[in-house]
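Here's the structure we're looking at; comments come further down.
The values are calculated or read from the model by the stated rules, or taken from the named source; none is laboratory data. Since the model is a prediction, treat every value here as computed from it, not as a measurement. Note that we place each Cβ from the backbone using ideal geometry, even for glycine, and neighbour counts take in every protein chain shown. Side chains are part of the model used for accessible areas, which takes the heavy atoms of the whole protein and leaves out ligands, DNA and RNA. Shrake-Rupley method; radii C 1.70, N 1.55, O 1.52, S 1.80 Å.
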Amino acid sequence: MRYDTPSLERWNSRAYDSSFGYVSTQGAPLVDLLDPRPGERVLDLGCGTGVLTAQIAFRGAEVLGIDGSSAMIEKALAQYPGINFIVGDGHDFSVVDPYDAVFSNAALHWMSRDPGTVIANVREALTPGGRFVAEMGGAGNCAELTAAMLTAWREYGLREPELPWYFPSPAEYARRLEKEGFVVRLLEYFDRPTPLDECPGGAADWVRMFASSVLEGLPPEIVEPLLHRVNELAAPALRRETGWMADYVRLRFAAVRR
Ligand code: BEZ
């Protein structure tokens, strides 16, 4: 679900358990960690345009994709007409028949209003023993990008922008999962520097694409110089000879409903 992005409408500990006959390695595809089986019912929470939903379906699972953005769901339905997709909110969804697994990639950090409610809704959507397999931004995600933003905002005498994401530490998210009735089987926390291929204008483009809400209400004439300053401030850490890199940090986990 892509919350708060109206204009465009993410302790290293490893465990092995019979529920997860696969031990993750950093960067291995999240769908492999989910390991969907033919006939299983899987819910993809924050499915975006459905690319990973389709991979799950390709492995024979019966899958439903949910996303908060109707534009994303429209595109998903157009691209994958044989798969079920609906618009829905992670803070407020329920299912009639429980699922064997809930999957989520790069979406939970947008569900920032009440992460505990999101996890409780996932629990209620699962059968006992059902799997919750997800990857999201972890603590420190986009730290250079957001530091550049905060400095630029301050230099321009603007109020600190409210950032729309939730990037928890592994310990914090594990506590939340346990509190809401999950057993955490695997939790990984790692850096994943990511080329900003879709942002030729660098950090400025990234802000426009992923943090558009912070630009709302600003005097139009300061937006360009402000974003130019974000680029100047972010460049020493994030600009390489080959292009811009985002300083992404991932939190990946697999948990089981008690
Ligand atoms: C991510 O970590 O995937 C992410 C976080 C904030 C904005 C865009 C992407």
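Estimated purely from DSSP H runs of n ≥ 4, each contributing -39500 (n - 2.57), the mean residue ellipticity at 222 nm for the chain is -9500 deg cm²/dmol once divided by its residues.
Give the shape of region 77-141 as rounded, prolate or oblate, defined through the alpha-carbon gyration tensor: a ≥ b ≥ c are the square roots of its eigenvalues, a/c under 1.5 means rounded, and otherwise the shape is prolate if a/b is larger than b/c and oblate if not. Oblate, because a/c is 1.5 or more while a/b does not exceed b/c. Stokes-Einstein diffusion for the chain, with the hydrodynamic radius set to the Kirkwood value over Cα pairs and evaluated at 20 °C in a medium of 1.002 mPa s, equals 112 µm²/s.
The Cβ shell under 15 Å around Ala234 holds other residues with a net charge of 0, Lys and Arg each +1, Asp and Glu each -1.
Backbone amide hydrogens, once placed in the peptide plane, bring Leu126 within less than 5 Å of Tyr99, excluding anything fewer than 5 places away on its chain.
A simple rule links phi to the HN-Hα coupling: the Karplus curve 6.51 cos²θ - 1.76 cosθ + 1.60 with θ = phi - 60°, which for region 201-218 gives x, x, 4, 4, 5, 4, 4, 4, 7, 10, 9, 4, 4, 6, 8, 5, x, 7 Hz, with x for Gly and Pro. Assuming charge only on the beta carbon of Lys and Arg (+1) and of Asp and Glu (-1), the dipole of the chain about its Cα centre is about 720 debye to the nearest 20. Quote the FRET efficiency, to the nearest 0.05, computed for Asn84 versus Asp32 with a Förster distance R0 of 30 Å and r equal to the Cβ-Cβ distance. For R0 = 30 Å, the calculated efficiency reads 0.85.
Packing around the peptides 87-93, 38-44, 136-142, taken as the average count of other Cβ atoms within 10 Å per residue, puts them in this order, highest first: 136-142, 38-44, 87-93. Summing charges over all other residues whose Cβ lies under 11 Å from the Cβ of Gly50, with Lys and Arg as +1 and Asp and Glu as -1, gives -2. With both partners inside the chain, how many of the DSSP beta bridges are antiparallel, as a percent to the nearest 5? The antiparallel proportion sits near 60 percent. Computed over protein heavy atoms with a 1.4 Å probe, the accessible surface of the chain works out to 46 Å² per residue.
Of all the Cα-Cα pairs you can form in region 48-186, what percent are over 20 Å apart? Counting every Cα pair in region 48-186, those more than 20 Å apart make up 54 percent. Per-residue surface analysis assigns Thr242 an accessible area of about 130 Å², computed on protein heavy atoms at 1.4 Å probe radius. With R₀ set to 41 Å, the beta-carbon distance separating Glu172 from Arg240 gives a calculated FRET efficiency near 0.85. At full extension, Asp97 and Asp191 could sit 30.2 nm farther apart than now, given 0.36 nm per residue minus the alpha carbon distance.
Cβ-Cβ distance of Ser213 and Leu77, R₀ of 25 Å, FRET efficiency by 1/(1 + (r/R0)^6): the value works out to about 0.45. So if I take the centroid of the Cα atoms in region 212-258 and the same for region 148-204, what is the distance between those two points in Å? The two parts, judged by their Cα centres, are 10 Å apart. So what's the net charge close to Tyr189: Lys and Arg +1, Asp and Glu -1, counting the other residues with Cβ under 10 Å from its Cβ? Around Tyr189, the charge tally is 0. Of the listed residues Tyr80, Tyr173, the order by accessible area with a 1.4 Å probe, largest first, is Tyr80, Tyr173.
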